[in-house]
1. What nm distance separates the two modelled labels at residue 733 and residue 210, each placed 7 Å from Cα along Cα→Cβ?
2. Taking other Cβ within 10 Å of each residue's Cβ, how do 172, 610 sort, fewest first?
3. So the label point goes 7 Å from the Cα of residue 572 along Cα→C-beta, right? Which residues of the stretch 472-496 then have their backbone N under 20 Å from it?
4. Please give the contour-minus-distance gain from residue 590 to residue 414: 0.36 nm per residue of separation, less the Cα-Cα distance, rounded to one decimal in nm.
5. How much length would be gained if the chain were fully extended between residue 467 and residue 324, taking 0.36 nm per residue of separation minus their Cα-Cα distance, in nm to one decimal?
6. Multiply the residue gap between residue 829 and residue 201 by 0.36 nm, knock off their C-alpha separation, and tell me the result in nm, one decimal place.
7. Tell me, what is the FRET efficiency for residue 181 and residue 426 to the nearest 0.05, using R0 = 35 angstrom and their Cβ-Cβ distance as r?
8. Given the stretch 686-841, what percent of its DSSP beta bridges are antiparallel, to the nearest 5?
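No lab work stands behind these numbers, since they all come straight from the coordinates. All values reported here derive from a predicted model rather than from experimental measurement. Ideal geometry is used to build each Cβ from the backbone, glycine not excepted, and the neighbour counts take in all protein chains shown.
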Ligand code: HEM
């Protein structure tokens, strides 16, 4: 960054920010700076420095008239609202540190009215990532106050971010030396201490021994399940308070943001397995509320395999690699899994979901989340209600296709992890709405299923979803191990206002998470690991244990004690008072009578799927059971499926060498819901879709630029793939070559005009790219020679524009024989660009004839 003239005598101590502040202490010099230049500097601050500055912030004070922020080792600045009723008088000033001491001499910049507002807007947007406040000048004094508060939070980080920053270090900084763990600087970290140049290594080499010992012990056990995951920070914010439903503080303040950490995961695979395997996805959210951590530890499917936690170990043993040879990894396509499922009829419903496209999501950002169990909310009067929690993604729910997801496991095993990371880094923050399905306590028994049975969902037609807030993920972790690996979610982490139902699966989970984390995280003090620490005080009589960090002062570690501390809290003081609930009945190993019915909802789900979803379910069972050697297991599974749907059972049976049934064995009801099909998910945005442009020597650069710009303007990500990486003949940059990436990593393809196709049609990778894009039902756009090239593939039943013809849009293939600079204009009624936009937003075009379902 250029030095724009910082005049501090301490210039040497202000390396990074000196350039961007470029401020003068004396008013004379200050006037010399052009207003325009000042604006640019502040814009530079807002765009580049502040958005990453929270890690550097050491101190921040919010006062009635200003916010003062101090940067670690650098300097501080003050944002002042001189008069909030006429918010034109924003002034930004900086203070210069005298070494680490702040001086009292502010460096002040005054702006013209408009410059101030622009600056504030830029500052606000940069730090909050919220483009909705368009004009601060026109807002009310109260809104300005909120904006300043939000800016304040954005700059210094939310309460959890500030907490984490006290543990965060930047080792890789100029001026830092390699030290031992105990702080001694080392002169050599490459060569061990030896007796003579040719050895042996001496025991005295404390640096070698410490470094190697740390390495030898730096792996911890992976999670027993959900070992493979990716995490992100963000916030949760209510749309409106819901004191009628719950007294939890997290639900009461629409103007406040609660920090969250979210971890998405697969279930069966090991830590190093691929992201896109067929599996349930974990969706675990830790809310750092003022009343303690609330963990909503859910999945992307609203039901579960088993009704009782005591069956969980069996389920997981059966799903994991088989014990004799540790095969297969991260797959349920094997004898043991389907053996267990076929003998556990309650699992049938869940397998319909896991055989559907829900189990191969396109992205963590494009899938729903569910708390699964029925929980309880209670308000300040102790009134209890049952609740199911739903997370609904803003960009809709979309999936991969099975052939594609298998190929991605090779092309990019980190596909989902990378997707989440890149979206957040690029500012396309993933967002979900939190929905509540409420059931009054007195209605507990009015359904034909038991709401305590986690193999059942509550249809939205019986209990509509009320959307009460949103969650936005806007910050990647600084360190995978410290945050994503060490985070410990637990269903028993609740706050006043949220409680448990008697769901036996949930009750068992409440035991299992803490128990397993004691092993995984090395003892009972893992709640002190920064990512797990609540943002409110923790005071109790738990002491000691491995890795205890807190130094508890005082003479007593028991209760009651003569000092009366720490004391218990009443409900009014924020204490957790279990809402009184009637419990009665004999001590017995049994389940409620409605737990015995297993197939009605499975059929309800299957009935609700559209034709292509049903086709995918049939093919998935055919694939999975096709890997089962034991005929008895395959036959048993067909019996189970025949309690759901005869056609399903027959088609799967014929694909797996089992005699198809001729009569249906289940309850042939025709109930269905429009809420359960993915076909109903929103399809109006192309934001974050990744579109490939395959080019070669002779490509039309004007067309490439026009189409890329048009797609990027709508939020899509465009990637150029050429014969070589880097600059192409017309100055465009190619990010990948034909051999360094595969079609499966993209959401669509564009072929622009030019003379390149004679050569490109000779290249196997190019032909495979186009063929696979079509096979995986992805949108394809082509112009002029690109359309002619596409025609040579002979895709069955697809219309492609020919010479002199109009633009043609057919099964997601959008072609034009006439390019114009306004081709991407979305405002008119017809245009190639508009059709392409629609085809990409549609995501997949399953009307294409690819592989027929087994006869
Ligand atoms: C509705 C049923 C269930 C759901 C939605 C669910 C969800 C999850 C999720 C999302 C994780 C990953 C947490 C993370 O990202 O760190 C997880 C981990 C885990 N789950 Fe479950 N689970 C369910 C049932 C169970 C049951 C019944 C048990 C045991 C009785 C269990 C035991 C575990 C264990 C031991 C872990 C590893 C935790 C750790 O090491 O931190 N789960 N579960």
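1. That separation, rounded to one decimal, is 4.2 nm.
2. Ranking 172, 610 by Cβ neighbours within 10 Å, fewest first, gives 172, 610.
3. The answer is 496, whose backbone nitrogens lie closer than 20 Å to the label point.
4. Contour length minus Cα-Cα distance gives 59.0 nm.
5. Residue separation times 0.36 nm, minus the Cα-Cα distance, leaves 46.7 nm.
6. 218.3 nm is the gain from fully extending residue 829 to residue 201.
7. E between residue 181 and residue 426, to the nearest 0.05, is 0.45.
8. 25 percent
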